[in-house]
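The values are calculated or read from the model by the stated rules, or taken from the named source; none is laboratory data. Since we're looking at a predicted model, the values are computed, not measured. Glycine gets a Cβ as well: all are built from the backbone with ideal geometry, and neighbour counts include every protein chain shown. These accessible areas exclude ligands, DNA and RNA; they are computed on the full protein's heavy atoms, side chains included. Shrake-Rupley method; radii C 1.70, N 1.55, O 1.52, S 1.80 Å.
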Amino acid sequence: MREIVTLQIGGAGNAIGDAFWHVISHEHGVDYASGRFGGTSQLQLERINVFFNATASKRFYARSILIDTEASTVQRLSSSSQLYRPENFVAGSESAGNNFARGYHTDGAAILDQVLDNTRREVESVDSLQGFQLLHSIGGGTGSGLTSLIMEALVQQYPDNLLCNYVTIPSPNMSQVVVEPYNALLSIPALVNNSHLTFCLDNEALFQICNRNLKIQMSGHEHINHIVALTMSGITTCLRFPGQLNAGLRKIYVNMVPFPRLHFLIPGFAPLVTCKQQQFSKGTVAELVQQIFSSNNLLCAIDLRKGKLLTAAGIFRGRMSPREVDQLMTGVRNKNINNFVDWIPNNIKTAICDIPPRGLKMSATFIGNTTAIQTLFQRLLDGSIAMLRRKAHLHWYTGEGMEEREFTDAQEELQNIIEDYRGSGDSGEGGGGGGGGGSNDNDSMDEAAANGPQCTYCAE
């Protein structure tokens with residue numbers, strides 16, 4: 001079994017992680033509150049060890065380390081579910097205070113050894129580690145500073161395993177912290193040099209999906225965390241269930257990343273519509289393919305038309321014809337040939353899992369590696385330049401042991417990655433830095449999915 005260890009770091013990382021465990025525990029028939037299995041299909045247990053560990057008392061717990069520099073977040077999760085192992089909660093004594101320097105040099109460094117000890121215990125308990133997935137935001141102090149520190153340690157201790165990051169990137173229109181541009185900037189070198197796959201999430205795009213697609217009046221982050229969790233569930237579905245065309249984490253890495261530095265991916269999900277809109281939907285694979293290539297369904301505020309796709313992948317769930325999926329995906333490329341780079345002839349990957357998500361007959365998850373992401377990086381660069389030019393708030397960072405040169409070095413790294421993506425779209429140069437079929441148990445899984453609630457967001 002190719003297992004994955006999850007590290008959820010900071011307030012945002014733990015909120016997204018909790019939503020993720022809610023979704024996949026239900027898909028595998030595990031009760032979120034108690035950790036007991038109550039599923040109806042053997043397929044739910046077949047690959048459950050990818051994300052869950054089993055105890056002698058036949059309970060399952062999440063193979064996850066829950067980390068924060070302040071205790072309130074992890075204490076809340078500890079009291080909400082028995083799905084988390086008590087020893088895997090790691091909390092500091094004081095918040096990093098939205099300061100990368102405190103997360104990296106002081107408060108975060110104080111709990112690093114405990115994080116690594118817990119991670120080592122989980123790694124030693126598995127048969128064949130595939131890699132790590134890290135959930136965090138780069139706008140806060142813990143999610144940026146401590147995550148960078150943890151990534152450096154993981155690369156040193158586990159050089160042969162993949163690091164996969166789900167990163168919430170600050171948006172100027174949704175900003176809650178003044179120093180977000182600094183924290184995001186200082187996180188970039190660690191993401192460029194240590195991460196293998198970085199899935200970029202954007203609160204602005206997620207809120208737009210809730211308002212525009214789902215017609216939800218937002219009062220918190222529960223809905224957007226659930227959308228992220230659904231997308232993560234889609235990306236990892238081929239690891240957890242059998243299918244006609246499977247794609248493991250390393251297969252995604254090999255197919256999606258043409259150069260080591262160009263590993264920043266844009267995820268998307270379909271369908272993202274209300275129950276009333278779903279009634280007028282055709283419910284076809286063609287409709288899913290059309291939706292996943294729409295910027296309205298992307299979890300990052302990126303316009304695909306403003307760049308070229310280096311690679312793209314569609315992970316489909318439900319009963320469908322592999323031939324039809326391949327024809328439709330290839331048709332998208334042929335009809336929009338100018339939106340794909342010409343130096344990778346076959347740059348679309350498809351995967352199909354027979355098991356649909358809860359409450360749906362079929363769904364699709366999109367992963368795109370596009371040169372349009374340079375607009376997001378340029379936005380981060382412009383925000384940090386404006387503040388650094390006047391040295392605003394810089395004393396909070398230098399007072400914790402950082403030097404001004406670290407900011408300029410990070411800006412150079414960010415500028416280089418922008419140039420790498422720009423060059424790859426122009427000429428193909430740049431960025432060169434360093435299944436089997438299902439069984440009859442599928443019928444009971446399909447029935448369980450169809451009998452689930454129609455929609456997470458309403459009671460219709």
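Scanning region 310-321 for residues that are open to solvent by 10 Å² or more (accessible area, probe 1.4 Å) and aliphatic (A, V, I, L, M) yields a single hit, 320.
Being farther than 21 Å from residue 201 by Cα, in contact with a Lys or Arg (Cβ under 7 Å, 6 or more places away or on another chain), part of a loop (DSSP other than H, G, I, E, B) and of a type outside the set (Ser, Thr, Tyr) is a condition met by at least one residue of region 45-56. Residues that are under 12 Å from residue 138 (Cβ atoms), in contact with a helix residue (DSSP H, G or I) (Cβ under 9 Å, 6 or more places away or on another chain), among the acidic types (Asp, Glu) and outside any strand (DSSP E or B) occur at least once in region 170-180.
Rundown of residues vs (1) under 26 Å from the mean Cα position of the chain (by Cα); (2) within 27 Å of residue 173 (Cβ to Cβ); (3) not assigned by the TED database to the domain that holds residue 104, yes/no style:
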residue	(1), (2), (3)
332	yes, no, yes
338	no, no, yes
344	yes, no, yes
368	yes, yes, yes
383	yes, yes, yes
388	no, yes, yes
416	yes, yes, yes
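A residue that is in contact with a Lys or Arg (Cβ under 8 Å, 6 or more places away or on another chain), at pLDDT below 90, within 30 Å of residue 39 (Cβ to Cβ) and not in a helix (DSSP H, G or I) can be found somewhere in region 443-452. Mind listing whichever residues of region 94-150 are open to solvent by 50 Å² or more (accessible area, probe 1.4 Å), in contact with a strand residue (DSSP E or B) (Cβ under 7 Å, 6 or more places away or on another chain) and at pLDDT 95 or above? 114, the sole residue that qualifies.
Among the residues of region 9-18, is there at least one that is closer than 26 Å to residue 161 by Cα and not in a helix (DSSP H, G or I)? For region 9-18, residues closer than 26 Å to residue 161 by Cα and not in a helix (DSSP H, G or I): present.
Mind listing just one residue for me: the one in region 204-236 that is open to solvent by 10 Å² or more (accessible area, probe 1.4 Å) and under 13 Å from the mean Cα position of the chain (by Cα) and, of those, nearest to residue 377 (Cα to Cα)? Per the criteria, the residue is 225. A residue that is in contact with a Gly (Cβ under 6 Å, 6 or more places away or on another chain), within 24 Å of residue 158 (Cβ to Cβ) and part of a loop (DSSP other than H, G, I, E, B) occurs nowhere in region 82-101. With respect to the stated conditions, residue 77 is assigned by the TED database to the domain that holds residue 48, modelled with pLDDT of 90 or more and assigned to a helix (DSSP H, G or I).
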